[in-house]
Ligand code: CA
């Protein structure tokens, strides 16, 4: 069954190409142009991903986000905003969104983010033909990791680190973000514990025959890289 994506955007010029692109990716896409319509829509059926504009004509996007979460909506929420300067503040306040994108954004970037969100929320089926059979698979709810049929036994912290890296596959995740999200400390302290965890995670992945690699990007952070594919 196709994943359902709800686009909440009042500007047609932005909404149309977005909807078209996502439909071409095979998603079941619906579009609403006000916050109230988004809340109404999601009260009667769910969505795997909501792409939520902040600048809506009626209810502020953040308010929509808050209401959706408090009503128990469990799908992924990606906030898009032209108020790029506000992103840091918005992220810090934690309204329950899963990802943020500032306008203008490229459609390829959006596609990649939606895919990552679906992966992170475990909504991707194993039949995803984009993935080789031995690909790393993560069951977020059960907190279990598999490669093919084999489970990779990870500790809580190792799982958390891998989950973040996997959600941003092929992108660098900063040390600061990993420290803040996994250890809930500020990153001015020692990051030795992070390095130790990464080291163990690497060993376990390699030992299980996982082909993805955790690559260190000097002075910045880490990136989960898929092996080069031979098409
Ligand atoms: Ca808008």
- Degrees, to the nearest 10: 12-24 long Cα axis against longest axis of the chain: 50 degrees
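Got the relative contact order for region 1-122 handy, in percent, Cα pairs under 8 Å and 6 or more residues apart?
Working: 190 pairs, mean separation 28.1, N = 122.
It rounds to 23 percent for region 1-122.
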- Item | Net lengthening on full extension, residue 151/residue 70 (0.36 nm per residue, minus Cα-Cα) | 25.8 nm
- Item | Helix 192-207 axis, angle to the chain major axis (alpha carbon atoms, nearest 10°) | 80 degrees
- Note on the structure: Rounded to 0.05, the calculated FRET efficiency for the beta carbons of residue 181 and residue 23 at R₀ = 45 Å is 0.85
- With label points set 7 Å from each Cα along the Cα-to-Cβ direction at residue 142 and residue 44, the distance between them in nm comes to 3.5 nm
- Taking Cα atoms, the helix 35-44 axis meets the longest principal axis of the chain at an angle in degrees (rounded to 10) of 70 degrees
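Readers should treat all values here as calculations from the given coordinates under stated rules, not as data from a laboratory. From a predicted model like this one, the values you see are computed outputs, not experimental measurements. In this analysis, Cβ positions are derived from the backbone assuming ideal geometry, glycine residues included, and neighbour counts consider all displayed protein chains.
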